[in-house]
1. Kindly indicate whether E328 is within 30 Å of Q498 (Cα to Cα) and modelled with pLDDT of 95 or more.
2. Checking the conditions here, which among G13, G18 is touching a residue at least 40 places away in the same chain (Cβ under 8 Å), of a type in the set (G, A, S), in a loop (DSSP other than H, G, I, E, B) and under 22 Å from L233 (Cβ atoms)?
3. Return yes when A6 is more than 23 Å from W139 (Cα to Cα), open to solvent by less than 50 Å² (accessible area, probe 1.4 Å), in a helix (DSSP H, G or I) and in contact with a His (Cβ under 6 Å, 6 or more places away or on another chain) and no when it is not.
4. Could you give every pair whose Cβ atoms fall below 7 Å, whose first residue belongs to the stretch 327-340 and is under 17 Å from S353 (Cβ atoms), and whose second residue is assigned to a helix (DSSP H, G or I), counting only separations of at least 6 or pairs across chains?
5. Write out, first by first residue and then by second, each pair whose Cβ atoms fall under 7 Å of each other, whose residues are 6+ apart or on separate chains, and whose first residue, in the stretch 469-480, is within 13 Å of E34 (Cβ to Cβ) and touching a residue at least 12 places away in the same chain (Cβ under 8 Å) while the second is among the β-branched types (V, I, T) and in a helix (DSSP H, G or I).
6. With the checklist (1) modelled with pLDDT under 95; (2) surrounded by fewer than 19 Cβ atoms within 10 Å (Cβ to Cβ) in hand, flag the one item W115 doesn't pass.
7. Does the stretch 136-160 hold any residues that are under 25 Å from S316 (Cβ atoms) and among the hydrophobic types (A, V, I, L, M, F, W, C), and which are they?
8. Give me the pairs: first residue in the stretch 43-69 and closer than 23 Å to G372 by Cα and in contact (Cβ under 8 Å) with a residue 24 or more places away in the chain, second residue basic (K, R) and part of a strand (DSSP E or B), beta-carbon distance under 8 Å, and six or more apart or on different chains, which are they?
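The values are calculated or read from the model by the stated rules, or taken from the named source; none is laboratory data. Keep in mind that this is a model prediction, so the values were computed, not measured. Using ideal geometry, Cβ is built from the backbone for each residue, glycine included, and neighbour counts are taken over all protein chains shown. Just so you know, the surface numbers come from the protein's heavy atoms only, side chains and all, with ligands and any DNA or RNA stripped out. Shrake-Rupley method; radii C 1.70, N 1.55, O 1.52, S 1.80 Å.
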Amino acid sequence: MARENAKQTIENGKAALGIEFGSTRIKAVLVDKENQPIAVGGHEWENQLVDNIWTYSLSDVESGLMSAYRDMADQVKKEYGTDIRALSAIGVSGMMHGYIVLDENDQLLVPFRTWRNNITSEASEKLTALFNYPIPQRWSIAHLYQSILNGESHVKDIRYLTTLAGYVHWKLTGEKVMGVGEASGMFPIEIKTKDFNTRMLTQFDELIEGKAPWQLKDILPGVKSAGEKAGVLSDAGAAMLDSSGNLSAGVPVCPPEGDAGTGMVATNTIGVRQGNVSAGTSVFACLVLEGDLSRAYPEIDQVTTPDGKLVAMAHSNNCTSDLNAWVELFDQAVTALGFECSKTQLFETLYRSALTGDADGGGLLSYGYISGEHITHFEEGRPLFVRGENSRFTLANFMRVHLFSALAAMRIGLDILFKKENARVDEVLGHGGLFKTEGVGQRILAGALNTPVTVMETAGEGGAWGMAVLASYMVNKAEGQSLDNYLNASVFASQEKQTMKPDAKDVEGFECYIQRYRQGLSVESEAVKCLD
C-alpha cells in the first residue's frame, strides 16, 4: 500500500524535491506530503585546488545537478514504474558562504571561491572591527572586500554576488533571491527585519567609496524567509534539471538555503536552546541563542535559522577528510592481501574499534587539516599524525584519536559559547556522515561536548531531506503556521530518535586529548612551514 501511495503521489505531482550540493556529493531527495523520503539520487564530485583557490567548475555544478536528478528519477522509474512529470515544490541548498560574482551579461567573472578558502584574513579582521560583528573568512562579504583590497580588476564589473545555492536557484528560476539563513552567511542580518543590516550596508559603502561603481545592496540577492515563494521553475531550469524532458516547468521553488539551515530543519533544532552538529567534510555546531552575544568573536559565526532566529555557529573547515583517507589506505591493504571487504563493513569495523581504545586515545595526536582552520588561526593546513615513544599505538587508539581530531577545532569554538557566554543547550542533534555507524560518532560527540546527543532515523538523509521539507512547508503549511509548529506537527511527531548521554570516562578522556591538541598546535604550525 505504501508503494502504491507513493506512486500516486508522484503521478499526481504532489511530491516535493530537495537538492543539496555537499562537499563531496550532490544529493536529491523526493518526499511525499508526510515528508517521508520516497526516492533518493546522488552524484559524487570533488573540489579542486586551482591556482591555490579551492573551487568547483560551474559546468560541474550543472552536470552534477542533472546527474543527481537523473539518478533519483531512475530510482522512481525502477521502484514505482512511472516518470516524474510534475512536482509540488522544489528547494535547493548548498555549502554556505563563498564567492560567485557575475557581470551585466550574467557571466562568471572569476572562478567560484568556496567556503574552504582561508585567503581573506585582512578583510575579515577589518570588517569585524568596522561592524563590531564577526565576519569569518568564508563569508561572501569578506571575499568581496579582499578582492577590493587586492585591487582585482573584476570588481568594477560585478553586478551580482551570490553563493552556490543562490547561483543554482537563479539558473532554475531566473530569480536573484535567497533564504535568510543562507543570506546570513553572506552579510550580517538584522533580526527584526530579517534582511541585510542597513547600518552595516552603509558602513561598507562608505568604506569602499570611490573603489567600486556600485552600492552593495544593488549587487546582493533579495532575502526571503522560510515559507515564502521564491519563483517558479523556468523552461530553461526544467531542461537543466531533467535531461529526459519529462519534468514540466512552473513548479513553485522555495528560497534556497545553506547547509547549516537545512541541518537545523533536518534535526528539528530551530527553537531557542536547541543545537545540532553537522559532521562530514567540515563540521559545525549551530546553537539557537536566547539573546545577543556580549561581543564579537572571530571564531564564532552569527547566522540565522531559515525563519530568521539568531544562531551561533562554531564552524571547523576540517572533519572527516583525513580520516576517510586513512580508511582508504586500510582498504588498499585489505585488497593487497587478497581479501574482499565492502567499504561499509570496513568503516564500521574501524569506527567501532575506537570504542575499545584508551579514553584519551593513548597519548596519540592528530590534526586532520586538509585546509586551513580559522578557529585555531591556520590559513593553511597539513594533515599530521604524531606519537611519542610512550604512546599506546594501537588500531583502537589510532581510530579514536582521529575521531577526536575531527571534532577538536569545533570544540575549541564551542568553549567560547559555553564558558565565556554561558550559552545553554538542552540537547544536541547529530547528523551527517560521522553518524552513519550507529552509536560511534554519537558517543564520541557526547563525550566531546559533555552533553546528551540525539540521532534521528533521518540523520543519514541529511540536508537534502531538510531542503525537501522546506519546499514542502512552503506549499503544505496551514495559513499562518510557523516553521517550528509545522516541523513538530507534520514532520517529527512520530520520528524515532535515539539519545545517548555522555559517558564520564569519554568526557575525561576528551578533556585530556583537547589539552594535548591545544599544546601541539605549534607542531602543526611547523608542519605548514616545512611541508609543501
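1. Details: within 30 Å of Q498 (Cα to Cα): yes; modelled with pLDDT of 95 or more: yes.
When the stated conditions are applied, E328 passes them.
2. That would be G13, the only listed residue that is touching a residue at least 40 places away in the same chain (Cβ under 8 Å), of a type in the set (G, A, S), in a loop (DSSP other than H, G, I, E, B) and under 22 Å from L233 (Cβ atoms).
3. Numbers: more than 23 Å from W139 (Cα to Cα): yes; open to solvent by less than 50 Å² (accessible area, probe 1.4 Å): yes; in a helix (DSSP H, G or I): yes; in contact with a His (Cβ under 6 Å, 6 or more places away or on another chain): no.
When the stated conditions are applied, A6 does not pass them.
4. The qualifying pairs are V327/L346; V327/F347; V327/L350; F330/L346; F330/L350; D331/K343; D331/L346; V334/L346.
5. Filtered contacts from the stretch 469-480: V469/V265; V469/V491.
6. (2)
7. Passing the criteria: W139, I141, A142, L144.
8. The qualifying pairs are I53/R113; W54/R113; T55/R113.
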